[in-house]
Amino acid sequence: MNKSDEQLISDYLEGNEKALTVLVDRYLSDAYTFAVKLTGDTQVAEDITQESFTKAWKNMRKFVPGNSFRGWLFSIIRNTAIDFLRKKKAVPFSAFETNTDGENVLVATLADTGPLPDELLARAEDARFLGILLGQINPEYREVLTLRHTSNMTFDEIGKVLKRPLHTVKSQHRRGLVALRRLLETQTA
């Protein structure tokens, strides 16, 4: 039986160390993917992911039951990434909003059910192309689209992570999709 995040947190706070392992395993991949999207650097994303889980572990007693653990964790990841990018003198803060290195993590997160090599190549090209298009839209839209479609978060969870009203998140999602569609039409025309 799969326990809810809240039950796992309760179990951990009562001394069950394995409950924390289950929580980490449940969110590690999504957390890392989100950190890569925010920083554009896989090595930095590893550090941010690790630091974020450490912060979550140290502050587990501060988690408010009834709230989304996933949303809480992603807020920690986002804030940790922002702090890192602010401290890093070589990268301007605007780099947090744009991914100019052309690297796309979507390829790593695609479900692998044993596709043929030509299918893998087509997927990689599509993901790379999508990453290029995402890099050309408003950073606020890109952030919402990434959380929604890469991390499978609900609009409510995204609103909590980004500290934006639900209607704003939905509007930014819709506008981001429209912007992507326009870019796609101009690229394929």
Qualifying residues in segment 147-189 (those that are out of contact with any Phe, Trp or Tyr (no Cβ under 7 Å at 6 or more places or on another chain), of a type in the set (Val, Ile, Thr) and assigned to a helix (DSSP H, G or I)) - the one nearest to residue 79 (Cα to Cα): 158
Of residues in segment 43-79 being of a type in the set (Val, Ile, Thr) and surrounded by fewer than 19 Cβ atoms within 10 Å (Cβ to Cβ), the one nearest to the chain's Cα centre (by Cα): 44
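Looking at 20, 38, which one is in a helix (DSSP H, G or I), crowded, with 18+ Cβ neighbours inside 10 Å and within 19 Å of the chain's Cα centre (by Cα)?
None of the other options fit; the residue is 38.
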Top-ranked residue in segment 50-103 [being out of contact with any helix residue (DSSP H, G or I) (no Cβ under 7 Å at 6 or more places or on another chain) and basic (Lys, Arg); ranked as modelled with the lowest pLDDT]: 89
Number of the exception - residue 108 against (1) within 14 Å of the chain's Cα centre (by Cα); (2) at pLDDT 80 or above; (3) surrounded by fewer than 16 Cβ atoms within 10 Å (Cβ to Cβ); (4) not β-branched (Val, Ile, Thr): (2)
Filter result for the condition that a residue is modelled with pLDDT of 70 or more and not basic (Lys, Arg), over 146, 113: 146
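Suppose we keep only residues that are in a helix (DSSP H, G or I) and polar (S, T, N, Q) within segment 1-17. Which one would you say is farthest from residue 141 (Cα to Cα)?
Our first condition is that a residue be in a helix (DSSP H, G or I); within segment 1-17, this holds for 5-13, 17.
Applying the additional criterion that residues be polar (S, T, N, Q) yields 7, 10.
On the way: 7: 33, 10: 35 Å.
Ranking the qualifying residues of segment 1-17, first place goes to 10.
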Residues satisfying the stated conditions in segment 136-172, i.e. among the polar types (S, T, N, Q) and surrounded by 18 or more Cβ atoms within 10 Å (Cβ to Cβ): 146, 151, 172
Residue within segment 118-127 that is surrounded by 13 or more Cβ atoms within 10 Å (Cβ to Cβ), touching a helix residue (DSSP H, G or I) at 6+ places or on another chain (Cβ under 7 Å), modelled with pLDDT under 70 and within 30 Å of residue 18 (Cα to Cα) present: no
Count of segment 6-42 residues which are under 24 Å from residue 145 (Cβ atoms) and not basic (Lys, Arg): 15
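Please verify whether segment 173-180 includes one or more residues that are over 18 Å from residue 34 (Cα atoms), loosely packed, with under 14 Cβ neighbours inside 10 Å and either over 13 Å from the mean Cα position of the chain (by Cα) or at pLDDT 85 or above (or both).
Initial filter on segment 173-180 (over 18 Å from residue 34 (Cα atoms)): 174-175, 177-180.
So of that shortlist, the ones also loosely packed, with under 14 Cβ neighbours inside 10 Å come out as 174, 178.
If we keep only those that are either over 13 Å from the mean Cα position of the chain (by Cα) or at pLDDT 85 or above (or both) as well, we get 174, 178.
Within segment 173-180, one or more residues are over 18 Å from residue 34 (Cα atoms), loosely packed, with under 14 Cβ neighbours inside 10 Å and either over 13 Å from the mean Cα position of the chain (by Cα) or at pLDDT 85 or above (or both).
The values are calculated or read from the model by the stated rules, or taken from the named source; none is laboratory data. As the structure is a prediction and not an experimental result, all values here were calculated from the model. For neighbour counting, all protein chains shown are included, and Cβ atoms are generated from backbone atoms with ideal geometry for every residue, glycine included.
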